[in-house]
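Here's the structure we're looking at; comments come further down.
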Amino acid sequence: MKHWRPFRFPPLLQVPAAAPGPHGDDAVQLQASVADGFRQGMDAGYREGVAAGEQAGRDAGLAQGLAEGRAQGFEAARREVLAQFDGLAAPLAAAAEAMRRTCEDYQGALREDVVELVAKVARQVIRCELTLKPAQILDLVEETLAALPPVSGEVEVLLNAEECARIRELAPERAARWRLVPDAKLAAGECRVRTAESEADAGCQQRLEACLDKVREQMGAAAPLTAPGGTAGTGAVAEV
């Protein structure tokens with residue numbers, strides 16, 4: 001900001017009062033000239049001050065306008081860049097979300113394939129065990145009866161017809177403990193226990209399904225699987 005210094009006008013010329021005479025007009029004229037000079041000095045100082053003030057105001061306004069213009073331009077540019085970035089990022093975000101869903105679907109399908117493989121192996125093992133030792137299904141009957149309330153009266157055990165005949169042939173003593181009833185609707189490895197108070201499923205399938213649910217639960221909490229041949233996928237199958 002420009003600094004101002006006060007303007008000091010020269011003192012008025014003190015003219016002694018002239019006596020009336022031929023030189024009196026000169027004194028009056030001199031006094032008038034001094035007054036005119038004073039007024040001219042006042043006017044010149046006023047005009048100079050006004051001009052200087054206007055220039056200072058213009059300079060200050062220009063500086064403030066430039067600063068505000070820069071700030072507004074920066075903000076407008078920032079908003080425009082952000083808008084362009086959002087426009088470019090939206091397709092990338094959609095692609096990333098689609099990729100994430102694809103990976104989740106792939107992982108889910110891979111886990112289900114592993115569970116299905118475990119189920120197939122388990123069914124083969126159960127089938128072989130029951131073929132070699134069909135009386136093992138009676139162990140399931142005993143476990144089921146132990147979980148039921150105290151039984152009074154006769155206990156019926158509904159079995160697959162072929163397994164029922166083989167159990168009577170290979171383990172007649174154990175078969176005599178209950179009334180074995182062949183049921184053509186039951187698949188191999190399935191049986192139902194029926195008492196006067198209740199009826200329960202003692203077969204292998206529902207037990208296998210419970211085990212597979214546990215496998216699914218554990219695999220869902222485990223690390224992501226990889227495609228067949230990958231180290232992570234192989235480790236997951238081996239662990240199951």
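Between the amide H of V181 and those of V157, L158, L159, distances stay under 5 Å, these residues lying 5 or more places away or on another chain, with hydrogens modeled in the peptide plane.
When you filter the trypsin sites (Lys or Arg not before Pro) in region 106-212 for DSSP loop state and at most 10 other Cβ atoms inside 10 Å of their Cβ, you are left with K185. Computed from phi, the 3J(HN,Hα) profile of region 166-174 under the Karplus parametrisation 6.51, -1.76, 1.60 (θ = phi - 60°) reads 5, 5, 4, 7, 8, 9, x, 5, 5 Hz, with x in place of Gly and Pro. Using a cutoff of 8 angstrom between alpha carbon atoms and counting only pairs six or more residues apart, the relative contact order for region 81-189 works out to 24 percent.
In order along region 195-209, the Karplus-derived 3J(HN,Hα) couplings, from 6.51 cos²θ - 1.76 cosθ + 1.60 at θ = phi - 60°, round to 10, 5, 9, 7, 9, 9, 8, 10, x, 7, 5, 5, 5, 5, 4 Hz, and Gly and Pro are given as x.
About its Cα centre, region 133-209 has a charge dipole of approximately 180 debye under the convention of +1 per Lys or Arg Cβ and -1 per Asp or Glu Cβ, with nothing else charged.
Which whole-number percentage describes the relative contact order of region 133-209, with Cα contacts under 8 Å and a sequence gap of 6 or more? Before the final figure, lay out the partial values.
Values: 111 pairs, mean separation 28.3, N = 77.
Contact order relative to length: 37 percent.
Just so you know, all these numbers are worked out from the coordinates, no wet-lab data involved. Bear in mind that the values here come from a model prediction, so they are computed numbers and not experimental data. Note that each Cβ is placed from the backbone with ideal geometry, even for glycine, and that neighbours are counted across all protein chains shown.
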